[in-house]
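Contents: one structure, followed by commentary.
No lab work stands behind these numbers, since they all come straight from the coordinates. This is a predicted model, so every value here is computed, not measured. Heads up, the Cβs are rebuilt from the backbone with ideal geometry, glycines too, and the neighbour counts pull from every protein chain shown.
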Amino acid sequence: MENRELYEKAEKRVEAKLGFYIHLVVYILVNALLIIINMRFSPEYSWFIWPLIGWGIGLLFHAMRVFAFTGEQAYKEKMIEKEMKKDASKKRQ
């Protein structure tokens, strides 16, 4: 694997991590605002918990995709390389 390919793979991983961190910051800010609105206008019922939980589940899956299940991407890349080798050998014949 050449340097350019390694750079591109690293760049994709960094972009995925940055995307997650942006998602996390937006989650925190929006949900903090929802908590403030809820406590200011209807403190008798804590409805903010529902978007907090729902969005939190989505954030959890995003984190798992970025940090835990990186092997799926590596497997996909191996399959692509295998197909490219097949195509290259067919062209030589």
Taking Cα atoms, the helix 49-63 axis meets the longest principal axis of the chain at an angle in degrees (rounded to 10) of 20 degrees
What's the magnitude of the charge dipole for the chain around its Cα centre, counting Lys and Arg as +1 and Asp and Glu as -1 at the beta-carbon? Answer in Debye, nearest 20.
520 debye
Two-site label geometry, E44 and R65: point separation in nm, points 7 Å out along Cα→Cβ
4.1 nm
V25 paired with I80, simple spin-label distance in nm, labels 7 Å along Cα-to-beta-carbon
2.8 nm
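Based only on the alpha carbon positions, what is the Kirkwood hydrodynamic radius of the chain, in angstrom?
Details: mean 1/r = 0.0598 Å⁻¹.
After inverting the mean inverse Cα-Cα distance, the result is 16.7 Å.
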